[in-house]
1. Filter the range 34-50 for residues that are under 20 Å from the mean Cα position of the chain (by Cα) and in a loop (DSSP other than H, G, I, E, B); which is farthest from residue 189 (Cα to Cα)?
2. Taking residue 148 as meeting all but one of (1) in contact (Cβ under 8 Å) with a residue 40 or more places away in the chain; (2) out of contact with any helix residue (DSSP H, G or I) (no Cβ under 9 Å at 6 or more places or on another chain); (3) part of a loop (DSSP other than H, G, I, E, B), write down the number of the exception.
3. Quick one: in the range 198-216, which of the residues that are free of Cβ contacts under 8 Å to residues at least 60 places away in the same chain and assigned to a loop (DSSP other than H, G, I, E, B) is farthest from residue 172 (Cα to Cα)?
4. Which of the residues spanning the range 117-145 are assigned to a loop (DSSP other than H, G, I, E, B) and within 19 Å of residue 251 (Cα to Cα)?
5. Which of the following residues is at pLDDT 95 or above, out of contact with any helix residue (DSSP H, G or I) (no Cβ under 7 Å at 6 or more places or on another chain) and crowded, with 16+ Cβ neighbours inside 10 Å: 253, 194, 261, 265?
């Protein structure tokens, strides 16, 4: 249930609404950007999960995702972590009670997603989720717990689902302690991670891909230097007969921040490549395995 229903989309188009979701497992505020081009035809939905010490507005500013939503006509929603649930605003990705589909924060985020899908014309085949840091880790959890809801996931400077199952193992995962590989989820996945990240060890980016596509998914590698001088390595993961299913971008010299972001927000690196643009391009070109 929202504080204010999102009815009458023509009068809301080109606006940001701040709402509150309440469900059986809890409540959270969220912001939703509705592009001015929304007229009734189904459009994609992108769920964006902020990092620690951020909020919805800060994350929107740093990623510039509302600008992309306006230009490309999709809805973007920013669930906001409660400071009562975590004093620093981190999503609790490492707690077992927040790693289940029908419990804790995953159920709340899924509830927000379903609420927006009920209120606005959303293409159910193009529902994406992405996040930064703890938000990236929770995006991976959401992909693992709700594979029938989300069709692709983007993880920036984050960790694989269930990389930790308590505070101690979560802290170890941040340092790069090896994660036991599980059964791959086969979810189209794009990863960005700086190789100078001192908060989340870059090995976690590899583990995110392996958790989604398996350790044996073939890939091709390209080395690039952007116009701003930043070097990066890009791996495209391809499953025979299915096309590109994963991308892993290693950003050389980059720390713990959203690549290509705006300094209007925190934890944003103005140097490219532009993670927002590249994630959106990836989301538009992949489908869930088995849907071809």
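The values are calculated or read from the model by the stated rules, or taken from the named source; none is laboratory data. Owing to the predicted nature of the structure, the values given are computational and were not obtained by experimental measurement. Counting neighbours? That spans all protein chains shown, and the Cβs are built from the backbone with ideal geometry, glycine included.
1. 35
2. (1)
3. We begin by selecting, within the range 198-216, every residue free of Cβ contacts under 8 Å to residues at least 60 places away in the same chain; these are 198, 201-207, 209-210, 213-216.
Next cut, assigned to a loop (DSSP other than H, G, I, E, B) only: 198, 201-202, 214-216.
Details: 198: 13, 201: 10, 202: 13, 214: 22, 215: 21, 216: 25 Å.
Applying the filter and picking the extreme gives 216.
4. Here is the first cut: in the range 117-145, the residues assigned to a loop (DSSP other than H, G, I, E, B) are 120-121, 133.
Hit for the range 117-145 is 133, nothing else.
5. Working: 253 fails: crowded, with 16+ Cβ neighbours inside 10 Å; 261 fails: out of contact with any helix residue (DSSP H, G or I) (no Cβ under 7 Å at 6 or more places or on another chain); 265 fails: out of contact with any helix residue (DSSP H, G or I) (no Cβ under 7 Å at 6 or more places or on another chain).
Just one listed residue meets the conditions, 194.
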